[in-house]
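Below is one structure, written out as structure tokens; the observations come after it.
The values are calculated or read from the model by the stated rules, or taken from the named source; none is laboratory data. Since the structure is predicted, the reported quantities are computational estimates derived from the model, not experimental observations. Using ideal geometry, Cβ is built from the backbone for each residue, glycine included, and neighbour counts are taken over all protein chains shown.
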Amino acid sequence: MTSAPSTNAIEVVGLRKSFGPQTVLDGIDFEVPAGTVFSLLGPNGAGKTTTVQILTTLIGADAGQARVAGHDLAREPRAVRAAIGVTGQFSAVDKLLTGEENLLLMADLAHLGKREGRARTAELLERFDLVDAARKAATHYSGGMKRRLDLAMSLMGRPAIIFLDEPTTGLDPRSRRTMWQLVSELVAEGTTIFLTTQMLDEADHMADRIALLDGGRLVAEGTPDELKKRVPGGYVTLTFANQQSLDAARGILGDPRSNGDLLSVDVPSDGSVASIKGLLDKFGDRSIDVDNLSIHSPDLDDVFFALTGRGADEADAQEATI
């Protein structure tokens with residue numbers, strides 16, 4: 001009886017890597033379902049770059065196994081390279097060439113025929129809104145245009161998996177949103193995205209699953225919502241119409257955190273419907289009207305700090321080799 005083919009684009013078991021006496025990856029395991037966005041987060045030196053370098057065949061692992069696009073990483077590196085695209089933190093665009101020339105160069109490297117390469121180039125220029133700039137040198141492109149061209153170049157060979165490293169670093173909000181939309185379209189078509197980023201709102205917005213690396217080990221994995229639920233700190237802000245109602249509410253709640261002259265208090269809560277209803281019932285029974293209510297849940301920055309002991313601003317924007 002043959003086993004059913006895996007639905008995972010990437011499977012990693014016991015991956016280890018050391019550089020001299022320093023252990024960078026200490027036996028990590030994870031799976032990336034096909035057609036999803038998987039985000040790998042972690043502070044400086046956590047091992048993210050090393051993980052990506054191993055999975056893209058740039059360096060070898062010391063131990064462990066990995067399959068990428070159904071191919072054994074150690075035994076079939078060429079097949080792995082044929083199935084992936086990589087958009088690094090630092091652009092691979094040749095600024096002296098035009099956008100069209102950059103894409104045609106990638107078509108040659110992907111061993112596409114001349115006709116197919118030109119057709120694919122035209123298709124990608126259209127898709128990434130670069131037609132008007134196609135014959136301009138890339139040195140004149142804006143940051144957002146260069147990033148779109150970089151991603152388009154990685155798509156020339158129609159890869160099943162794309163590794164995106166800090167894809168929106170330095171982009172303005174509009175360009176970031178454009179990149180997010182392009183990634184969403186790729187995933188909708190069945191492409192798998194392996195994302196590393198230090199913009200935690202980006203991981204929250206884009207990722208189906210997130211893994212958090214720290215000290216070479218995976219310390220947490222799950223959906224963004226699952227990770228947020230692991231961290232305490234949610235609260236509800238209640239605002240009242242006047243000081244009398246506020247004082248009455250504080251008498252019921254004990255000594256909640258007050259917000260100065262804003263006639264509001266913060267009450268610890270998990271934000272569930274049951275807990276909110278129970279809280280409001282306390283006031284309704286005493287005819288105290290709540291003027292406004294807002295729910296504040298832990299975000300990924302809270303998760304990052306709680307599980308690594310560092311905030312996102314201390315993460316690895318400077319990570320170069322580990």
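Structure above, values below:
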| quantity | calculated |
| --- | --- |
| Residues satisfying the stated conditions in segment 65-87, i.e. in a loop (DSSP other than H, G, I, E, B) and either in contact (Cβ under 8 Å) with a residue 40 or more places away in the chain or more than 27 Å from the chain's Cα centre (by Cα) (or both) | Ala69, Gly70, Arg75, Glu76 |
| Residue selected from segment 285-307 under the condition small (Gly, Ala, Ser) and surrounded by 12 or more Cβ atoms within 10 Å (Cβ to Cβ), by the criterion farthest from Leu212 (Cα to Cα) | Ser297 |
| Selection within segment 254-280 - among the hydrophobic types (A, V, I, L, M, F, W, C) and without any contact (Cβ under 8 Å) to a residue 24 or more places away in the chain | Leu262, Val273, Ala274, Leu280 |
| Test: residue in segment 95-109 that is under 24 Å from the mean Cα position of the chain (by Cα), touching a residue at least 24 places away in the same chain (Cβ under 8 Å) and closer than 23 Å to Thr191 by Cβ | no |
| 3 or more residues closer than 21 Å to Lys48 by Cβ: qualifying helices (runs of 4 or more DSSP H) within segment 190-302 | 200-206, 224-229 |
| Complete set of residues in segment 270-297 that are among the basic types (Lys, Arg) and either closer than 18 Å to Leu246 by Cα or outside the structural domain of Phe240 (by TED's automatic domain parsing) (or both) | Lys282, Arg286 |
| Single unsatisfied condition, Lys114 versus (1) closer than 20 Å to Thr192 by Cβ; (2) not assigned by TED's automatic domain parsing to the domain that holds Leu186 | (1) |
| Residue count for segment 164-194, restricted to those that are under 29 Å from Ala137 (Cα atoms) and at pLDDT 95 or above | 1 |
| Those residues of segment 235-257 which are closer than 15 Å to Asn292 by Cα and modelled with pLDDT of 85 or more, in sequence order | Val236, Thr237, Leu238, Thr239, Phe240, Ala241, Asn242, Gln243, Ser245, Leu246, Ala249 |
| Among (1) buried (at least 17 other Cβ atoms within 10 Å of the Cβ); (2) of a type outside the set (A, V, I, L, M); (3) farther than 22 Å from Pro167 by Cα - the single one Gln53 does not satisfy | (3) |
| Residues of segment 26-43 satisfying the condition of being under 21 Å from Val86 (Cα atoms) and either in contact with a Gly (Cβ under 9 Å, 6 or more places away or on another chain) or not acidic (Asp, Glu) (or both) | Phe30, Val32, Pro33, Ala34, Gly35, Thr36, Val37, Phe38, Ser39, Leu40, Leu41, Gly42 |
| Selected residue [surrounded by fewer than 16 Cβ atoms within 10 Å (Cβ to Cβ) and in contact (Cβ under 8 Å) with a residue 24 or more places away in the chain] from Phe38, Phe19, Phe90 | Phe19 |
| Search result, residues across segment 156-170 that are over 24 Å from Ala107 (Cβ atoms) and either free of Cβ contacts under 8 Å to residues at least 12 places away in the same chain or surrounded by fewer than 19 Cβ atoms within 10 Å (Cβ to Cβ) (or both) | Thr169, Gly170 |
| Residues of segment 26-60 classified as over 19 Å from Gln89 (Cβ atoms) and assigned to a strand (DSSP E or B), total | 8 |
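Residue-by-condition table, conditions (1) assigned to a loop (DSSP other than H, G, I, E, B); (2) hydrophobic (A, V, I, L, M, F, W, C); (3) touching a helix residue (DSSP H, G or I) at 6+ places or on another chain (Cβ under 6 Å):
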| site | (1), (2), (3) |
| --- | --- |
| His111 | yes, no, no |
| Ala122 | no, yes, no |
| Gly144 | no, no, yes |
| Arg148 | no, no, no |
| Ala152 | no, yes, yes |
